[in-house]
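Have a look at this one.
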Amino acid sequence: MSESKKFRLAVIPGDGIGKEVVREGLRVLDFFEQNSGGKYSFESDFFPWGCEYYLEHGKMMDEDGVDKLRDYDAIYFGAVGFPGVPDHVSLWGLRIAICQGLDQWANIRPVEFLPGVPRRLNHPEADKLNWVLIRENSEGEYSGVGGRNFTGRGPGKEVAVQSSLFTEHGCERIIRYAFDLARTRKRKKVTSVTKSNAQQFGMVLWDEVFEHVSKEYPDVETDQWLVDAMAAQFVLRPEELEVVVASNLFADILSDLGSALSGSLGIAASANLNPERRTPSMFESVHGSAPDIAGKGIANPIGTIGSAALMLDHLGLQEEAEQLNQAIRETTRQGYLTRDLGGTHNTEEITDAIIDNLGKIQ
Ligand code: ATP
Ligand code: MG
């Protein structure tokens with residue numbers, strides 16, 4: 001008799017709609033567990049960290065929070081952000097603390113064009129579009145290097161410095177990751193995005209590393225763009241995109257653009273990976289806590305459920321991941337859409353439909 005595999009998950013629902021959509025993702029995982037024929041199970045431990053925790057305890061997470069997460073197989077994350085808590089406090093206090101603390105240096109953000117979804121992008125072959133953004137997740141513009149009050153000459157004279165940090169090691173590993181991923185795709189192509197005309201140190205280093213690494217992958221097509229031109233390219237020639245690799249800030253911005261083009265921020269999934277698997281990776285939607293729609297039961301759960309598909313894949317359950325992606329596509333094709341996509345279905349109804357479709361696929 002083969003042994004049942006138990007996956008230990010650290011679940012951090014966080015704030016706002018984060019709590020609502022994580023609940024839906026866990027329902028989907030329950031479905032898989034119940035239908036696995038005893039092959040595997042998920043054991044979830046919940047961590048109440050986030051802005052409410054901050055307002056009560058003065059910190060976003062426990063001091064040894066990162067260490068508490070170390071032994072899990074994966075982390076499933078909602079979103080953080082709350083009116084009254086500055087965004088830089090919530091982001092640095094939890095999400096970035098975990099990504100950096102656990103060395104999740106690769107952030108994978110697929111841009112998917114789901115069927116049946118009204119799009120902002122008028123493209124003759126929109127249904128065929130899909131590309132993947134690889135975001136450098138450990139340094140760059142989000143290194144926290146800098147400070148305030150450099151002059152100290154009183155009101156109105158403050159100088160703030162915000163530096164970017166680029167290391168050859170950091171650039172090389174993320175660029176190499178992009179090339180390795182490109183080799184697994186139908187079209188083998190990597191697009192690198194910088195702003196090396198205006199940012200003459202770190203971004204030029206990135207470009208040089210890109211050129212150097214690309215020589216080891218002669219089978220992979222490459223191109224290099226400035227981020228402003230790339231933003232236009234996302235809209236004008238998206239069929240040219242396959243694997244796009246960019247720095248922390250640029251890929252962050254481009255991924256919101258990509259998800260908006262494909263319909264809504266609510267459908268974009270993401271994985272923060274430690275590709276060496278020394279530490280657990282973290283799976284979360286691209287969107288934030290969306291306080292404007294929190295508590296109404298109308299948030300689109302697809303981004304977070306799609307992130308569960310990335311998590312299943314990472315845990316070695318490739319077949320389940322594929323089934324889940326297929327069920328999501330079937331669900332939007334059938335017209336199950338939340339309000340952000342112009343529909344009238346609520347959060348739970350979307351999950352119900354996804355689970356229903358999974359039942360038909362399995
Ligand atoms: P945060 O400060 O946590 O980033 P935010 O106010 O910037 O929160 P986001 O979650 O980043 O909000 O999203 C911006 C807007 O997009 C929201 O105000 C919301 O209307 C919409 N949105 C985001 N995610 C979803 C979703 N899952 N379903 C429906 N609408 C969404
Ligand atoms: Mg936001």
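With (1) closer than 24 Å to G266 by Cα; (2) in contact with a helix residue (DSSP H, G or I) (Cβ under 8 Å, 6 or more places away or on another chain) as the list, and N122 as the residue in question, which single condition is left unmet?
(2)
Which one is farthest from ligand 2 (Cβ to nearest atom) among residues in the stretch 287-305 that are closer than 21 Å to L324 by Cβ and touching an Asp or Glu at 6+ places or on another chain (Cβ under 7 Å)? Full working, then the answer.
Narrowing the stretch 287-305 to residues closer than 21 Å to L324 by Cβ: 287, 299-305.
If we keep only those that are touching an Asp or Glu at 6+ places or on another chain (Cβ under 7 Å) too, we end up with 299-301, 304-305.
On the way: A299: 14, N300: 15, P301: 17, T304: 15, I305: 20 Å.
Checked the stretch 287-305; the qualifying residue farthest from ligand 2 (Cβ to nearest atom) is I305.
Criterion first (of a type in the set (D, E) and crowded, with 23+ Cβ neighbours inside 10 Å) does E136 satisfy it?
yes
Mind checking which residues of the stretch 296-308 are outside any loop (DSSP other than H, G, I, E, B) and more than 6 Å from ligand 1 (Cβ to nearest atom)? Give the derivation first.
Looking only at the stretch 296-308, we keep the residues that are outside any loop (DSSP other than H, G, I, E, B), and these are 302-308.
Scanning the stretch 296-308 gives I302, T304, I305, G306, S307, A308.
A further question follows. If the Cβ limit is 7 Å and pairs must be 6+ apart or interchain, which residue in the stretch 159-179 that is basic (K, R) pairs with which residue that is surrounded by 15 or more Cβ atoms within 10 Å (Cβ to Cβ)?
Once the first residue is basic (K, R) and sits in the stretch 159-179, its partners that are surrounded by 15 or more Cβ atoms within 10 Å (Cβ to Cβ) give R173/W105; R176/V213.
Kindly provide the set of residues from the stretch 130-169 that are within 19 Å of the chain's Cα centre (by Cα) and outside any loop (DSSP other than H, G, I, E, B), ordered by number.
First, pick out the residues of the stretch 130-169 that are within 19 Å of the chain's Cα centre (by Cα): 130-143.
Scanning the stretch 130-169 gives N130, W131, V132, L133, I134, R135, E136, G140, E141, Y142, S143.
Something else: Go through (1) away from ligand 2 (no atom under 13 Å from the Cβ); (2) within 19 Å of L102 (Cα to Cα); (3) under 12 Å from the mean Cα position of the chain (by Cα) and name the single condition E284 misses.
Looking at each condition in turn, E284 falls short on (1).
Suppose we keep only residues that are among the charged types (D, E, K, R) and over 18 Å from E319 (Cα atoms) within the stretch 28-62. Which one would you say is nearest to ligand 1 (Cβ to nearest atom)? Let's see the steps before the verdict.
Here is the first cut: in the stretch 28-62, the ones among the charged types (D, E, K, R) are 30, 33, 39, 43, 45, 52, 56, 59, 62.
Subset that is over 18 Å from E319 (Cα atoms): 43, 45, 52, 56, 59, 62.
Details: E43: 26, D45: 23, E52: 13, E56: 19, K59: 18, D62: 21 Å.
Result: E52.
While we're looking at this one, here's another question. Does at least one position in the stretch 287-295 carry a residue that is within 13 Å of ligand 1 (Cβ to nearest atom), in a loop (DSSP other than H, G, I, E, B), hydrophobic (A, V, I, L, M, F, W, C) and within 19 Å of the chain's Cα centre (by Cα)?
yes
A follow-up question, please. Can you report the number of residues in the stretch 233-281 which are among the acidic types (D, E), more than 16 Å from ligand 2 (Cβ to nearest atom) and within 30 Å of G335 (Cβ to Cβ)? Give the steps one after another, and end with the answer.
Residues of the stretch 233-281 among the acidic types (D, E): 239-240, 242, 252, 256, 276.
Checking which are more than 16 Å from ligand 2 (Cβ to nearest atom) leaves us with 239-240, 242, 276.
Subset that is within 30 Å of G335 (Cβ to Cβ): 239, 242.
The total comes to 2.
Taking I298 as the residue in question, decide whether it is more than 25 Å from N248 (Cα to Cα) and either touching a Ser or Thr at 6+ places or on another chain (Cβ under 7 Å) or among the aliphatic types (A, V, I, L, M) (or both). Please lay out each step first, then the result.
Numbers: more than 25 Å from N248 (Cα to Cα): yes; either touching a Ser or Thr at 6+ places or on another chain (Cβ under 7 Å) or among the aliphatic types (A, V, I, L, M) (or both): yes.
Considered against the rule, which asks whether it is more than 25 Å from N248 (Cα to Cα) and either touching a Ser or Thr at 6+ places or on another chain (Cβ under 7 Å) or among the aliphatic types (A, V, I, L, M) (or both), I298 comes out as yes.
A quick yes/no check of all residues on (1) in a helix (DSSP H, G or I); (2) surrounded by 23 or more Cβ atoms within 10 Å (Cβ to Cβ):
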{"site": "Q200", "(1), (2)": "no, no"}
{"site": "L205", "(1), (2)": "yes, no"}
{"site": "D228", "(1), (2)": "yes, no"}
{"site": "L249", "(1), (2)": "yes, no"}
{"site": "D252", "(1), (2)": "yes, no"}
{"site": "S259", "(1), (2)": "yes, yes"}
{"site": "N272", "(1), (2)": "no, yes"}
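Same structure again: Restricting the search to the stretch 85-105, which residues are of a type in the set (D, E, K, R), over 11 Å from M60 (Cα atoms) and either modelled with pLDDT of 90 or more or not in a helix (DSSP H, G or I) (or both)? Can you show your working first?
Here is the first cut: in the stretch 85-105, the ones of a type in the set (D, E, K, R) are 87, 95, 103.
Keeping just the survivors that are over 11 Å from M60 (Cα atoms) gives 87, 103.
Answer for the stretch 85-105, where residues must be of a type in the set (D, E, K, R), over 11 Å from M60 (Cα atoms) and either modelled with pLDDT of 90 or more or not in a helix (DSSP H, G or I) (or both): just D103.
Looking at the stretch 63-84, which of the residues that are surrounded by fewer than 14 Cβ atoms within 10 Å (Cβ to Cβ) and assigned to a loop (DSSP other than H, G, I, E, B) is nearest to ligand 1 (Cβ to nearest atom)?
My answer is P83.
Quick one: in the stretch 302-329, which of the residues that are of a type in the set (V, I, T) and over 23 Å from R8 (Cβ atoms) is surrounded by the most Cβ atoms within 10 Å (Cβ to Cβ)? Give the steps one after another, and end with the answer.
Taking the stretch 302-329 and keeping what is of a type in the set (V, I, T), we get 302, 304-305, 328.
Narrowing further to those that are over 23 Å from R8 (Cβ atoms): 302, 328.
On the way: I302: 33, I328: 26.
The selected residue is I302.
The values are calculated or read from the model by the stated rules, or taken from the named source; none is laboratory data. The model shown is predicted, which means the values in this text are computed figures rather than measured ones. Glycine gets a Cβ as well: all are built from the backbone with ideal geometry, and neighbour counts include every protein chain shown.
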